[in-house]
Amino acid sequence: MPVGSWTLDSYGQLKLLRAELRAALLGEPLPPGRDLDEVPEKMVLVATELATNALTHAHPPTVVELRRTEQTFILDVTDDEPDTPPEIADSRPLGAGGRGLRMARELALDIGWYSERGVKHVWTEFSLPRPS
């Protein structure tokens, strides 16, 4: 189910993305006994990293979409470079870039990418916390 969508043309729009994404997550109804815990902070951080990557390595606009299932939230970040696979920097020296995907892999339940109709999608999935 769609929750929100943001179209970014510049790095200057990342601040608004962070604020609006956090508000969208906090505004979502949850099953009884559940709260979001650290999910909004993790998702905002990952969304910022993925959107920054798209703005850096492709041409605007970059689109960030938030969807939800019963058990998860899904971020989908698109750009116009379908033939350029994302690279997770496991062995690059600090300062060489490429750490955003690695961090996303560590914070998210799952991460992946695919190309469709001339657009690359990089997605991450986050679980709703278990009932307390």
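Miscellaneous remarks
- Filter pass, residue 56 being modelled with pLDDT under 95, of a type in the set (Ser, Thr, Tyr) and part of a helix (DSSP H, G or I): yes
- Residue count for the stretch 23-48, restricted to those that are out of contact with any Lys or Arg (no Cβ under 7 Å at 6 or more places or on another chain), closer than 16 Å to residue 124 by Cα and part of a helix (DSSP H, G or I): 8.
- Of all residues in the stretch 113-132 being among the charged types (D, E, K, R) and within 16 Å of residue 36 (Cβ to Cβ), the one that is surrounded by the most Cβ atoms within 10 Å (Cβ to Cβ): 125
- Filtered residues of the stretch 54-77 (kept if farther than 23 Å from residue 127 by Cβ and under 12 Å from the mean Cα position of the chain (by Cα)): 54, 62, 63
- Some residue of the stretch 94-108 being farther than 21 Å from residue 19 by Cα and at pLDDT 95 or above: no
- Checklist (1) β-branched (Val, Ile, Thr); (2) free of Cβ contacts under 8 Å to residues at least 40 places away in the same chain; (3) surrounded by fewer than 17 Cβ atoms within 10 Å (Cβ to Cβ) applied to residue 48, failing item: (3)
- Candidates 66, 36 - the one that is touching a residue at least 60 places away in the same chain (Cβ under 8 Å) and out of contact with any strand residue (DSSP E or B) (no Cβ under 8 Å at 6 or more places or on another chain): 36
- Residue within the stretch 29-42 that is modelled with pLDDT of 90 or more and surrounded by fewer than 16 Cβ atoms within 10 Å (Cβ to Cβ) present: yes
- Some residue of the stretch 69-88 being in a helix (DSSP H, G or I), of a type outside the set (Ser, Thr, Tyr) and touching a helix residue (DSSP H, G or I) at 6+ places or on another chain (Cβ under 7 Å): no
- Residue 42 being basic (Lys, Arg) and under 13 Å from the mean Cα position of the chain (by Cα): yes
- Among residues of the stretch 11-28 that are over 22 Å from residue 55 (Cα atoms), those with a beta-carbon under 7 Å from a residue that is part of a helix (DSSP H, G or I) at least six positions away or on a different chain give the pairs 25/39; 25/40; 25/43; 26/40.
The values are calculated or read from the model by the stated rules, or taken from the named source; none is laboratory data. Computed from a predicted model, the values in this text were never measured in an experiment. Here Cβ is always computed from backbone atoms with ideal geometry, including for glycine, and neighbour counts include all displayed protein chains.
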